[in-house]
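Report on the following structure.
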Amino acid sequence: MLFNSIDFAIFLPIVFILYWFVTNKNLKLQNFLIVAASYLFYGWWDWRFLSLILFSTIIDFTVGQKLRKEENQLKRKVLLWTSILVNLGFLGFFKYYNFFL
């Protein structure tokens, strides 16, 4: 789904209306809707990459939960850099893999 497509022109108002009017300012429901709509939007382009974004989401969510509980600054930095390096690793692999072949 491209931003300048008819599909997106239909998708965006539906998500917008659901977010602001149907979820009734329930933050957890709004967050769930945004995540589900993001996966739908991303999967519309190529569903095979949904496992990649799901894995990235799980890593980042887990790191975020551990950062909330961790007080040791060194461990917090290690967690943060783990998340950053995993995401940059994905970006680097998919952007430059064919270049180095």
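The values are calculated or read from the model by the stated rules, or taken from the named source; none is laboratory data. Keep in mind that what you see is a predicted model, and the values were worked out from it rather than measured. FYI the Cβ positions are ideal-geometry reconstructions off the backbone, even for glycines, and counts take in every protein chain you see. Side chains are part of the model used for accessible areas, which takes the heavy atoms of the whole protein and leaves out ligands, DNA and RNA. Shrake-Rupley method; radii C 1.70, N 1.55, O 1.52, S 1.80 Å.
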Would the range 27-50 turn up any residue that is touching a residue at least 12 places away in the same chain (Cβ under 8 Å), within 30 Å of Asp7 (Cβ to Cβ) and open to solvent by 100 Å² or more (accessible area, probe 1.4 Å)?
-> yes
Leu54, sole failed condition from (1) modelled with pLDDT of 90 or more; (2) closer than 14 Å to Leu2 by Cα = (2)
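I'm checking my understanding of the structure. Among residues of the range 67-87 that are open to solvent by 100 Å² or more (accessible area, probe 1.4 Å) and within 18 Å of the chain's Cα centre (by Cα), which one is farthest from Ala36 (Cα to Cα)?
Trp81
Kindly indicate whether Ile59 is open to solvent by less than 60 Å² (accessible area, probe 1.4 Å) and closer than 23 Å to Asn4 by Cβ.
Values: open to solvent by less than 60 Å² (accessible area, probe 1.4 Å): yes; closer than 23 Å to Asn4 by Cβ: no.
Against the criterion (open to solvent by less than 60 Å² (accessible area, probe 1.4 Å) and closer than 23 Å to Asn4 by Cβ), Ile59 does not qualify.
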